[in-house]
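Participant: Below are the structure tokens for one structure; questions will follow.
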Amino acid sequence: MYMHKVLSKICSCFPKLDESSIRRGFKHAFSLGASHKNRELNEPELALIQKLTMIMKKRRLAVPATLFLEGAQPLNYVGSQMMVFFRPFLTFLFAPAEYDLLQGILEKREGIKRIIEELEK
């Protein structure tokens with residue numbers, strides 16, 4: 001009932017809108033869209049993954065890294081957004097181009113899976 005009143009007020013202010021289009025808009029208000037789903041990794045990203053896994057294997061951190069990544073896999077997008085937040089502080093320690101590339105890898109659903117696969121090789 002309350003939602004119907006709100007929608008009717010919105011429709012009265014904007015005559016080009018109708019209730020069904022507003023409901024459709026609210027239904028998908030927080031979706032990420034199709035552009036973020038299952039994007040494939042490109043060549044520079046794959047090269048960075050191989051470089052990262054070589055460093056981990058060299059320091060004998062493959063098993064702990066795999067365990068950590070398996071646990072953090074559902075939060076890959078949140079982690080990539082935290083990297084965006086901390087970018088001004090962490091680019092003093094890392095090369096900005098590689099940092100941005102790693103943030104892009106973590107943003108994709110396939111990214112952590114690919115890192116785990118490379119560690120297991």
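Participant: Quick check on region 14-28. Is at least one of its residues modelled with pLDDT of 85 or more and loosely packed, with under 12 Cβ neighbours inside 10 Å?
Facilitator: no
Participant: For Ala95, only one of the following conditions fails: (1) open to solvent by 60 Å² or more (accessible area, probe 1.4 Å); (2) free of Cβ contacts under 8 Å to residues at least 40 places away in the same chain; (3) over 10 Å from the mean Cα position of the chain (by Cα). What is its number?
Facilitator: Single failed check for Ala95: (1).
Participant: Please indicate, with yes or no, whether at least one residue in region 77-92 is outside any helix (DSSP H, G or I) and loosely packed, with under 12 Cβ neighbours inside 10 Å.
Facilitator: For region 77-92, residues outside any helix (DSSP H, G or I) and loosely packed, with under 12 Cβ neighbours inside 10 Å: present.
Participant: Oh, and also: Taking Arg109, is it surrounded by 13 or more Cβ atoms within 10 Å (Cβ to Cβ), more than 16 Å from Glu43 (Cα to Cα) and among the charged types (D, E, K, R)?
Facilitator: Considered against the rule, which asks whether it is surrounded by 13 or more Cβ atoms within 10 Å (Cβ to Cβ), more than 16 Å from Glu43 (Cα to Cα) and among the charged types (D, E, K, R), Arg109 comes out as yes.
The values are calculated or read from the model by the stated rules, or taken from the named source; none is laboratory data. What you are looking at is a predicted structure, and each value in this text was computed from that prediction instead of being measured. Cβ sites come from the backbone with ideal geometry, for glycine too, and all protein chains shown count toward neighbours. Quick note on the areas: whole protein, heavy atoms, side chains included, nothing else; ligands and nucleic acids left out. Shrake-Rupley method; radii C 1.70, N 1.55, O 1.52, S 1.80 Å.
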